[in-house]
1. With viscosity set to 1.306 mPa s and temperature to 10 °C, compute the Stokes-Einstein D of the range 143-275, Rh being the Kirkwood radius across alpha carbon pairs; µm²/s, no decimals.
2. R0 = 41 Å: FRET efficiency of T181 with S113, Cβ-based, nearest 0.05?
3. On full extension of the chain, what length is gained from V152 through H167, given 0.36 nm per residue of separation minus the C-alpha to C-alpha distance?
4. Using per-residue counts of other Cβ atoms within 10 Å, averaged over each peptide, order 219-226, 153-160 from highest down.
Amino acid sequence: MKSSKRLSILAVWVLAAVCAAQQQPGVTPPQQGNPPPPTKSPQELTPPIQPKITPVPTPPVITLPPPPGQPVAGPMITAEDAAQVGLKHQPQIAIARAAIRAAHGNVLIAEQSLLPNGTVGGGFTNEYALPIFGGTRGTSLLSSGFSANVSVSQLIFDFGRTLDAVHQAEAQERAATFGLTTTESDTVYQVKQSFYNYAQAIQSIHVAEANLKDRQDNLALAQAQLNAGLGAPADVVTAQTNVAAATVQLTTARNTAALDEITLAMNMGIDPRTP
């Protein structure tokens, strides 16, 4: 009886120990033959390697210098205003108008042959006797008189040559007039096209500036993560490359805008340095 009581007490004690061990979370009883690996304290862990990379300075903002002797910003104009300025100052339009005047002069010259032509002339004559061998000295007046003539001519028939020349000159005058209209239309088209190209270039500059700022922020983030031990050096190098590419893009956009501005001014017939 005593041995059976001892066995029952021992079994109850073992069962209580097993239940207490199962109630503790995260504790796993060691298996026989596989000792648990030794744990290291946080002080014994190897710290992450911090590469010595100097932060990349922020690239300077590229600005176009204002034209010499001109204000930084000029008045805002629309495409219609630019077209009106082009019609007023474009040299090609002045050349076309001069061609019309020259063609009209050729018409007047050709029409002169169809009208009667008259000429009037007059003169005064004196006749003197000059001694050659001996004789009296000096000269003697023999005769004097006035003369006048009047002539009138009218084209009657030349097989239509003069009339055809007049028609040709008139056709050339009409062609010069149509040439002026064509030049004006081309000027308006070129001015408006260059105006919208310049406006698009200005918007491209704004997009490139925003892109460069975003790339710079990404570079600062990558550098901060690297300094905190959470990033990789490759991320910083990639961010630097993106910043350089964005800088080149911004420079190209501003160069394109400057060229488009010069093209717009030339199509308008004004000084390219005008803002």
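1. 73 µm²/s
2. FRET efficiency, T181 to S113: 0.85.
3. That works out to 2.9 nm of additional length.
4. 219-226, 153-160
FYI, it's all coordinate maths here, none of it is from the lab. Here the structure is a predicted model, which means the values were calculated and not measured. Glycine also receives a Cβ, built like all others from the backbone with ideal geometry; neighbour counts cover every protein chain displayed.
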